[in-house]
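Input: a single structure, listed below in structure tokens.
The values are calculated or read from the model by the stated rules, or taken from the named source; none is laboratory data. Every value quoted in this text rests on a predicted model; they were computed, and no experiment measured them. Reconstructed Cβ throughout: ideal geometry from the backbone, glycine too, with neighbour counts over all protein chains shown.
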Amino acid sequence: MSGAGARRALPRADQVTALPVARATTAPPDWEDHNGHVNVTGHYLFHMQACHDAFADLGIDQDYVHRHGQSAFSVEHHVSFFDEVLVGHELSAHLLVLDRSDKLLHAVSVMVDRTTDRIASSVEFVEAHVDLATRRTCPFQPDIAKRLDEVLEAHRALGWTFPLNGSMGLRRD
């Protein structure tokens, strides 16, 4: 396929699994739908749990929320499905940081089916850093900003990219 409708090639599963594991699980029976595979809710739930874990690894955890009165709010999500996942398959999710501004983070969570060694799905997202007292965006704390910059630099140096939906990104004022 060529032209605007062509889907960019996915990276190899081993490239994605070289990133830290944000979360791993075995697809449980309650994720199965009437088609005999993992349903949309199972994919999305796993990605959201993985993002929560990845944010904690970046320092945005419950302690951070209590200490600073700040957190992250979802602004936009885009889910893509690339391969079927069956109940009982071993799964891992990996966070790829794409960009950031003082107040926003653009990233993608990638699910790898370890049973088939294929990329199964992704959730591309933008998160806003928010002051919970004012409910307005605010800059990331300096330690978090530094950590995000380190991860972003490492991810930009990977030598591969992930196909994105094309309509998401960070506005620069």
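For the range 44-51, does any single residue satisfy the condition of being farther than 19 Å from Arg136 by Cβ and touching a Pro at 6+ places or on another chain (Cβ under 7 Å)?
Residues of the range 44-51 farther than 19 Å from Arg136 by Cβ: 44-51.
This time we only want the ones that are touching a Pro at 6+ places or on another chain (Cβ under 7 Å), so: none.
Scanning the range 44-51, I find no residue that is farther than 19 Å from Arg136 by Cβ and touching a Pro at 6+ places or on another chain (Cβ under 7 Å), so the answer is no.
Would it be correct to say that Asp99 is surrounded by 14 or more Cβ atoms within 10 Å (Cβ to Cβ), charged (D, E, K, R), under 14 Å from the mean Cα position of the chain (by Cα) and at pLDDT 95 or above?
Values: surrounded by 14 or more Cβ atoms within 10 Å (Cβ to Cβ): yes; charged (D, E, K, R): yes; under 14 Å from the mean Cα position of the chain (by Cα): yes; at pLDDT 95 or above: yes.
In short, yes.
Before we move on, is Ala120 farther than 20 Å from Cys51 by Cβ, among the small types (Gly, Ala, Ser) and either over 16 Å from the mean Cα position of the chain (by Cα) or modelled with pLDDT of 95 or more (or both)?
Values: farther than 20 Å from Cys51 by Cβ: no; among the small types (Gly, Ala, Ser): yes; either over 16 Å from the mean Cα position of the chain (by Cα) or modelled with pLDDT of 95 or more (or both): yes.
So Ala120 fails the test.
Are there any pairs with C-beta distances below 8 angstrom linking a residue in the range 82-102 that is of a type in the set (Ser, Thr, Tyr) to a residue that is in a strand (DSSP E or B) and surrounded by fewer than 17 Cβ atoms within 10 Å (Cβ to Cβ), with the two at least 6 apart or on different chains, and if so which?
Filtered contacts from the range 82-102: Ser92/Ala24.
Can Glu124 be described as crowded, with 16+ Cβ neighbours inside 10 Å and among the acidic types (Asp, Glu)? Write out each step before concluding.
Values: crowded, with 16+ Cβ neighbours inside 10 Å: yes; among the acidic types (Asp, Glu): yes.
Yes.
Quick check on this structure: which one of His43, His47, His52 is within 15 Å of the chain's Cα centre (by Cα), over 22 Å from Leu170 (Cβ atoms), at pLDDT 95 or above and not β-branched (Val, Ile, Thr)?
His43
Kindly list, by first and then second residue, each pair from a residue in the range 153-173 that is more than 15 Å from Thr17 (Cα to Cα) to a residue that is part of a loop (DSSP other than H, G, I, E, B), limited to pairs with Cβ atoms under 8 Å and residues at least 6 apart or on different chains.
Hits for this filter: Pro163/Arg7; Pro163/Arg8; Pro163/Ala9; Pro163/Leu10; Leu170/Ser101; Arg172/Ser101.
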